[in-house]
Amino acid sequence: MNDLFQFFSFSDPNVRYVTLGTMVLAATAAMVGSFSFLRKRALVGDAIAHSILPGVCLAFMVSGSKTPLVLIIGAIITGWISLLVIDGISRTTKLKNDAAIGIVLSVFFGLGILLLTSIQHSGNASQAGLDKFLFGKAASLTKDDIITFSSIGIVLIIVVLLFYKEFKLISFNPDYAKVIGLPVKFLEFILATITVLAVAVGIQAVGVVLMAALLITPASGARFWTHRLGNMIVIAMVFGALSGFFGSYISYVAPNMPTGPWVVMCLSILAIGSIWFAPKRGMLAKYKIQAENKKKILVENVLKLFYHLGESSNNFEAERSIDELLATRDLRKIELNRGLQLLRKDNSVRLKEGNWYITSKGLNEAKRVIKLHRLWEMYLNQRLKLEPDHVHNDAEAIEHIITPELEKQLEKELNYPIKDPHESIIPYNKD
Amino acid sequence: MKTAIETHNLTVSYNRRPVLWNIDFEIPTGQITGIIGPNGSGKTTLLKAIMGLIKPSSGYTKLFNKDLNEVREKISYVPQRESVDWDFPASVMDIVLMGRYKSSNLFKRIKQSDRDIAAEALEKVNMLEYSDRQISQLSGGQQQRVFIARSLAQGADLYIMDEPFVGVDAATEEAILNLLTEMKNQGKTVVVVHHDLQTAKDYFDWIVLLNTRLVATGPKEEIFNKKLLQEAYGGKLNVLSKVGELIKEKDFPVRERK
């Protein structure tokens, strides 16, 4: 608890820098990554991140300095070269884009590791810490770092705001953008440059290996919550910032915990949470709909039992035993009981001395389902020219889904038929 | 009669194999023209070459007697519906507003007057009540109408549509046809790529009959005869396809000098 208080008081300047820095890095990466995600270039970010390592090493070898700005310049150069090489390979050879990405990623990363190793063995004392680029060094961010990253972050945000509608168009339909005369090449260049920049800055926090997560995971999660591009980008940025915050907090409370991987863990939790719990698009929402469909089918099928028994005995109100109900239809006892309990709550059926009978409300509903079933059989018979012995199974499913509007249309199109193809009477409600 | 589109000796390659050979025709203004041909006859490639999306191996195109770049704002392109991912996070209005983007207003924001024009375009395709709808929730026909509304919002003189009738419902087909007639009455030129011979005769005034080479072009009365249709739909020219294969295989240039 004390840790929590100390963390949130931000009295320790180090905590302040690390937390703020990680939040800014993660949010800007999420913003830029949203476009990579929508343009289906998720893996390109990974390639850029790996290709930045040789650039960082070369920049250090040439300048002998470790200031972030110098290293970032090196990073941008090789990051950009990697993009050009990927593009060149897939344009001039028979290799597809994914193969090109794989090749570039590994070749550049291998080169980076070679350079890194040779720097470490060069005896240059100031090299210490360069290897932090592999897994990030969020915990050792300084005030100067924050100033550099925040300035770059602000520049990136301004660029995205300026070109927002154009970026939207080239992400959705680049051919159309070309046709109306937008400078698509230039816009793609800008978008690629800000991606390289965001990656170059982002790897300071989480490192080369985990950078792709910072770009793509927030957008993937955010997509589940909204259908608006603007909202999606904002949600992705919030996800990024939250993860930056909690990642820093966890590594503060547990001093041996690395910040970068925890940021990525938090992001993943947010994304997986979104995949599961988002309304409408989430998995849970889908399961819920399926469960509701099942329930609807069961309840309507049980109502039909009462109708069929009533129809054959010409007594709809009679009380029926469980066995009598079960004999009508292939339904498991446990399902039947569940259906009856659901209907009872709904006042559609009632229990009387161990037997069940249908209420007028239930009977009306049963009539509706039977009517839809028989109308659909008629429709299949007349419009799709199916034989009467081929229509029943189809109607068993469709009866549960037809909406009142479609019902009206069916009635009209079939001219209010009285009997179905099996000569059973189609019940119309008299209201 | 003025000319809306003129192609001169247009040869276009796709993956280094020529798919259009020496296409040479003129399309008049103020008419509804159908570019007709079987699957794989190069119709979409021709449109893309006209719209500057593919660089031809030889030949050129003029639009209203000018280069594409001089008349871009007068020309509107409706790509094939399947060419984009409709799961993109955007509303119907967002997409139609894209018709108002121009190279000259790169940094500018969308104005209310643009929104009015977009709404009007949506009304013309009977989609106004869907303007806030997510594009991922649209049916195929509705997607097509959104694309047409986007091109209407551009306010062009020449409309070039790639297979707008593919996979659409009857309501959409009727809406598009009414729109084509209305556009014609306003003096606009419409060029439509279409693969269905059955309906082509009812839809269009002028026909370009294509099958990797130009088979015939002219008013529909002249084109719809058995001989020409058989020539276009009776398969590719054997030697021509083989030469195309050779060019691809040997990576040979289509012209000795460019």
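The values are calculated or read from the model by the stated rules, or taken from the named source; none is laboratory data. These numbers were taken from a predicted model, which means no experiment stands behind them. Every residue, glycine among them, receives a Cβ derived from its backbone with ideal geometry; neighbour counts consider all protein chains shown. Quick note on the areas: whole protein, heavy atoms, side chains included, nothing else; ligands and nucleic acids left out. Shrake-Rupley method; radii C 1.70, N 1.55, O 1.52, S 1.80 Å.
If I filter segment A:236-244 for residues that are in a loop (DSSP other than H, G, I, E, B) and within 14 Å of chain B (Cβ to nearest Cβ), do I get at least one hit?
No, every residue in segment A:236-244 fails to be in a loop (DSSP other than H, G, I, E, B) and within 14 Å of chain B (Cβ to nearest Cβ).
Check A:Ile269 against each of (1) at pLDDT 95 or above; (2) open to solvent by less than 60 Å² (accessible area, probe 1.4 Å) and name the one condition it does not meet.
The single condition A:Ile269 does not satisfy is (2).
Is it the case, given these coordinates, that A:Leu169 is at pLDDT 85 or above and outside any helix (DSSP H, G or I)?
When the stated conditions are applied, A:Leu169 does not pass them.
Within segment A:65-79, is there a residue that is open to solvent by 70 Å² or more (accessible area, probe 1.4 Å), under 19 Å from A:Thr117 (Cβ atoms) and of a type in the set (Val, Ile, Thr)?
no
Taking segment A:15-27, which residues are open to solvent by 10 Å² or more (accessible area, probe 1.4 Å) and at pLDDT 90 or above?
A:Met23, A:Val24, A:Ala27, listed by residue number.
For segment B:71-90, indicate whether the set of residues that are open to solvent by 10 Å² or more (accessible area, probe 1.4 Å), more than 14 Å from every other protein chain (Cβ to nearest Cβ) and touching an Asp or Glu at 6+ places or on another chain (Cβ under 8 Å) is non-empty.
No: zero hits.
Name the single residue, out of those in segment B:144-157 being within 12 Å of chain A (Cβ to nearest Cβ) and hydrophobic (A, V, I, L, M, F, W, C), that is nearest to B:Asp114 (Cα to Cα).
Out of the qualifying residues, it is B:Ala153.
Scan (1) over 22 Å from A:Cys57 (Cβ atoms); (2) more than 14 Å from the chain's Cα centre (by Cα); (3) crowded, with 22+ Cβ neighbours inside 10 Å; (4) more than 9 Å from chain B (Cβ to nearest Cβ) for the single condition A:Pro218 breaks and write down its number.
(2)
For A:Ala213, indicate whether it is buried (at least 24 other Cβ atoms within 10 Å of the Cβ) and either assigned to a helix (DSSP H, G or I) or away from chain B (no Cβ under 11 Å) (or both).
Yes.
Name the single residue, out of those in segment B:186-210 being modelled with pLDDT under 90 and acidic (Asp, Glu), that is farthest from B:Lys43 (Cα to Cα).
The extreme case among them is B:Asp202.
Run A:Gly207 past the list (1) in contact with a Leu (Cβ under 7 Å, 6 or more places away or on another chain); (2) closer than 29 Å to B:Lys108 by Cα; (3) in contact (Cβ under 8 Å) with a residue 12 or more places away in the chain and report the number of the one that doesn't hold.
(2)
Return the only residue of A:Leu105, A:Leu114, A:Leu84 being closer than 23 Å to A:Ile152 by Cβ and in the same structural domain as A:Phe189 (by TED's automatic domain parsing). Step through it out loud before you land on a result.
Numbers: A:Leu105 fails: closer than 23 Å to A:Ile152 by Cβ; A:Leu114 fails: closer than 23 Å to A:Ile152 by Cβ.
Within the list A:Leu105, A:Leu114, A:Leu84, the selection yields A:Leu84.
Within segment B:22-65, restricting attention to residues that are of a type in the set (Lys, Arg) and within 14 Å of chain A (Cβ to nearest Cβ), which residue is most open to solvent (accessible area, probe 1.4 Å)?
So, considering only residues that are of a type in the set (Lys, Arg) and within 14 Å of chain A (Cβ to nearest Cβ), the one most open to solvent (accessible area, probe 1.4 Å) is B:Lys55.
Looking only at segment B:146-176, which residues are of a type in the set (D, E, K, R), part of a helix (DSSP H, G or I) and modelled with pLDDT under 95?
Scanning segment B:146-176 gives B:Glu173, B:Glu174.
Please state which of the following conditions A:Ile402 fails to meet, knowing it meets all the rest: (1) part of a loop (DSSP other than H, G, I, E, B); (2) closer than 12 Å to A:Val302 by Cα; (3) among the β-branched types (Val, Ile, Thr).
Checking A:Ile402 against (1) part of a loop (DSSP other than H, G, I, E, B); (2) closer than 12 Å to A:Val302 by Cα; (3) among the β-branched types (Val, Ile, Thr), the one that fails is (2).
Quick one: which helices (runs of 4 or more DSSP H) lie wholly within segment B:177-258 and hold at least 2 residues that are open to solvent by less than 40 Å² (accessible area, probe 1.4 Å)?
B:197-203, B:226-233, B:238-250
Within segment A:286-307, is even one residue assigned to a helix (DSSP H, G or I), more than 21 Å from A:Glu399 (Cα to Cα) and touching a strand residue (DSSP E or B) at 6+ places or on another chain (Cβ under 9 Å)?
Within segment A:286-307, none of the residues are assigned to a helix (DSSP H, G or I), more than 21 Å from A:Glu399 (Cα to Cα) and touching a strand residue (DSSP E or B) at 6+ places or on another chain (Cβ under 9 Å).
What strands (runs of 3 or more DSSP E), lying completely within segment B:1-107, carry at least 1 residues that are at pLDDT 90 or above and over 19 Å from B:Phe147 (Cα atoms)?
Details: elements: B:3-14, B:17-28, B:32-36, B:58-63, B:75-78.
Once the strands (runs of 3 or more DSSP E) in segment B:1-107 are filtered for at least 1 residues that are at pLDDT 90 or above and over 19 Å from B:Phe147 (Cα atoms), what remains is B:3-14, B:17-28, B:32-36, B:58-63.
A:Tyr176 - would you say it is more than 25 Å from the chain's Cα centre (by Cα), within 14 Å of chain B (Cβ to nearest Cβ) and farther than 16 Å from A:Ala27 by Cβ? Break it down stepwise before answering.
On the way: more than 25 Å from the chain's Cα centre (by Cα): yes; within 14 Å of chain B (Cβ to nearest Cβ): yes; farther than 16 Å from A:Ala27 by Cβ: yes.
Against the criterion (more than 25 Å from the chain's Cα centre (by Cα), within 14 Å of chain B (Cβ to nearest Cβ) and farther than 16 Å from A:Ala27 by Cβ), A:Tyr176 qualifies.
Taking segment A:143-164 as the region of interest, how many residues are at pLDDT below 85 and not in a helix (DSSP H, G or I)? Reasoning before the result, please.
From segment A:143-164, those at pLDDT below 85 are A:143-146; that's our starting set.
Filter once more, so that each one left must be not in a helix (DSSP H, G or I): none.
The qualifying residues number 0.
Any residue at all in segment B:131-143 that is among the acidic types (Asp, Glu), away from chain A (no Cβ under 13 Å) and either in contact (Cβ under 8 Å) with a residue 12 or more places away in the chain or not in a loop (DSSP other than H, G, I, E, B) (or both)?
no
Pairs, please: C-beta under 6 Å, at least 6 apart or cross-chain, first residue without any contact (Cβ under 8 Å) to a residue 40 or more places away in the chain and in segment A:231-244, second surrounded by fewer than 23 Cβ atoms within 10 Å (Cβ to Cβ)?
Hits for this filter: A:Ile235/A:Trp225.
Within segment B:110-125, which residues are assigned to a helix (DSSP H, G or I) and away from chain A (no Cβ under 14 Å)?
Passing the criteria: B:Gln112, B:Ser113, B:Asp116, B:Ile117, B:Ala119, B:Glu120, B:Ala121, B:Leu122, B:Glu123, B:Lys124.
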